[in-house]
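Chemist: What follows is a single structure, and I will ask about it in a moment.
Here, each number is a calculation from the coordinates, and none is a lab measurement. Please read all numbers here as calculations on a predicted model, not as lab measurements. Every residue, glycine among them, receives a Cβ derived from its backbone with ideal geometry; neighbour counts consider all protein chains shown.
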């Protein structure tokens with residue numbers, strides 16, 4: 001997400017004395033892509049990466065990768081998040 005968009009969301013959340021949680025796709029420093037959520041607002045930004053990915057929507061099972069190659073379709077490439085992740089802590093609540 002562009003920095004100016006993140007900044008605008010953060011400022012709006014702070015102006016309303018709260019936090020936002022947005023569902024987003026994001027990339028880490030190693031260029032792995034995740035489907036997850038980020039929080040922004042009063043608390044420091046936190047991330048959650050979805051662990052259980054949906055077949056054919058978020059990843060292609062290895063058994064079917066040949067179909068995508070044959071059709072010359074790009075494969076979905078989300079990386080699952082860690083099985084155990086700390087919950088987000090927002091306004092004293094675990095989310």
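Chemist: What FRET efficiency do you get for residue 56 and residue 1 if R0 is 35 Å and r is their Cβ-Cβ distance, rounded to the nearest 0.05?
Modeler: In this case the efficiency is close to 0.85.
Chemist: Using the number of other C-beta atoms within 10 angstrom as an exposure proxy, rank 59, 64, 31 with the fewest first.
Modeler: 31, 64, 59
Chemist: Two decimals is fine: what is log10 I(q)/I(0) at q = 0.18, 0.19, 0.23 Å⁻¹ for the chain, from a Debye sum with one equal scatterer on every Cα and no solvent?
Modeler: -0.87, -0.93, -1.16
Chemist: While we're on this one: Using a Gaussian network model of the chain whose springs link C-alpha atoms within less than 10 Å, name the residue from 55, 25, 13 with the highest mean-square fluctuation.
Modeler: Comparing 55, 25, 13 in the GNM, the peak value goes to 55.
Chemist: Pairs of Cα atoms under 8 Å, at least six residues apart: use those to get the relative contact order of the chain, whole percent.
Modeler: Rounded, it is 23 percent for the chain.
Chemist: Still on this model: Using the alpha-carbon atoms, what tilt in degrees (0 to 90, nearest 10) does helix 3-15 show relative to the longest principal axis of the chain?
Modeler: Around 40 degrees separate the two axes.
Chemist: Shifting gears a bit: Based on other C-beta atoms within 10 Å, arrange 43, 58 from fewest to most.
Modeler: 43, 58
Chemist: For the modelled label position 7 Å from the Cα of residue 47 along Cα-to-Cβ, which residues of the range 78-95 have backbone nitrogen atoms closer than 13 Å?
Modeler: Answer for this model: 79-82.
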